[in-house]
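These notes are about the structure you will find just below.
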Amino acid sequence: MIQPDRIGHVVIKVRNLERSTKFYSEILGLQIMKVEAGFKMAFLASRGRDHHELAILEVGPEAPSPRERSIGLSHIAFRMSDEASLRAAYADLKKSGVRIIGAINHGVTKSVYFRDPDGNDLELYCDGLPEEIAKFPDPYAGMEGLDFASDAPDFREAVRELVK
């Protein structure tokens with residue numbers, strides 16, 4: 001049986017490499033590890049920890065958006081160190097004009113959902129504290145809003161957005 005250590009990286013397709021590289025480096029704070037202009041590809045990593053955790057590949061301005069309810073990637077989640085970091089990230093997203101799709105306490109995680117410039121769904125999350133997780137009947141299915149994101153869409157609105 002194959003037993004990987006962890007997921008190593010994700011590669012996504014984007015319309016414009018420069019715009020997406022700017023979004024992922026300036027908004028999400030990923031470090032640009034390398035740009036391959038010939039392949040129209042950039043490699044990014046959080047804190048320069050790996051050669052890359054995310055690669056973005058330009059496929060051109062006419063590429064169609066991700067299709068509603070199609071097979072494939074649902075979203076990419078970026079783990080934050082703690083709730084204070086998630087709160088600060090939420091404020092940064094808002095300040096940068098990024099539209100928040102939802103902000104939900106699932107139990108095992110507190111999650112903020114949004115999209116990149118090409119419509120790829122993204123999540124920033126922090127792990128829930130054990131004493132908080134214990135309060136949920138199903139710690140994977142919490143639907144409460146986050147107290148610091150009362151202006152974010154509620155769970156039902158977020159689900160509608162995320163299945164588009």
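The values are calculated or read from the model by the stated rules, or taken from the named source; none is laboratory data. Everything quoted here is computed from the prediction, not taken from an experiment. For neighbour counting, all protein chains shown are included, and Cβ atoms are generated from backbone atoms with ideal geometry for every residue, glycine included.
General remarks:
- Where D50 falls short, out of the listed (1) among the charged types (D, E, K, R); (2) at negative phi; (3) free of Cβ contacts under 8 Å to residues at least 40 places away in the same chain: (3)
- Residue count for segment 25-45, restricted to those that are under 17 Å from the mean Cα position of the chain (by Cα), surrounded by fewer than 16 Cβ atoms within 10 Å (Cβ to Cβ) and part of a loop (DSSP other than H, G, I, E, B): 1
- So S96, is it at pLDDT 95 or above and more than 24 Å from I7 (Cα to Cα): yes
This table checks each residue for (1) hydroxyl-bearing (S, T, Y); (2) over 30 Å from V35 (Cβ atoms); (3) in contact with a His (Cβ under 9 Å, 6 or more places away or on another chain).
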position	(1), (2), (3)
A55	no, no, yes
A77	no, no, no
D82	no, yes, no
S85	yes, no, no
N105	no, yes, no
P137	no, yes, no
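- P117 satisfies every condition listed in (1) of a type outside the set (A, V, I, L, M); (2) touching a Phe, Trp or Tyr at 6+ places or on another chain (Cβ under 9 Å); (3) crowded, with 16+ Cβ neighbours inside 10 Å except (3).
- Just one of (1) surrounded by fewer than 19 Cβ atoms within 10 Å (Cβ to Cβ); (2) touching a helix residue (DSSP H, G or I) at 6+ places or on another chain (Cβ under 7 Å) fails for A103. It is (1).
- With respect to the conditions (1) touching a helix residue (DSSP H, G or I) at 6+ places or on another chain (Cβ under 7 Å); (2) surrounded by 14 or more Cβ atoms within 10 Å (Cβ to Cβ); (3) within 23 Å of S46 (Cα to Cα); (4) not acidic (D, E), L86 falls short on a single one, namely (1).
Each row is one residue, and each column tells you yes or no for (1) touching a residue at least 12 places away in the same chain (Cβ under 8 Å); (2) under 22 Å from H9 (Cα atoms); (3) not in a helix (DSSP H, G or I).
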{"site": "S74", "(1), (2), (3)": "yes, yes, yes"}
{"site": "S85", "(1), (2), (3)": "yes, no, no"}
{"site": "K110", "(1), (2), (3)": "yes, no, yes"}
{"site": "G119", "(1), (2), (3)": "yes, yes, yes"}
{"site": "P137", "(1), (2), (3)": "no, no, yes"}
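- Residue check for R156: part of a helix (DSSP H, G or I) and either at pLDDT 95 or above or small (G, A, S) (or both): no
- The set of residues in segment 1-21 that are within 18 Å of G38 (Cβ to Cβ), over 18 Å from the mean Cα position of the chain (by Cα) and without any contact (Cβ under 8 Å) to a residue 60 or more places away in the chain contains only E18.
- Among (1) in contact with a His (Cβ under 7 Å, 6 or more places away or on another chain); (2) farther than 30 Å from V59 by Cβ, the one test that L122 misses: (2)
- Summed over segment 133-154, the residues that are buried (at least 16 other Cβ atoms within 10 Å of the Cβ) and either among the acidic types (D, E) or not assigned by TED's automatic domain parsing to the domain that holds V98 (or both) give a count of 0.
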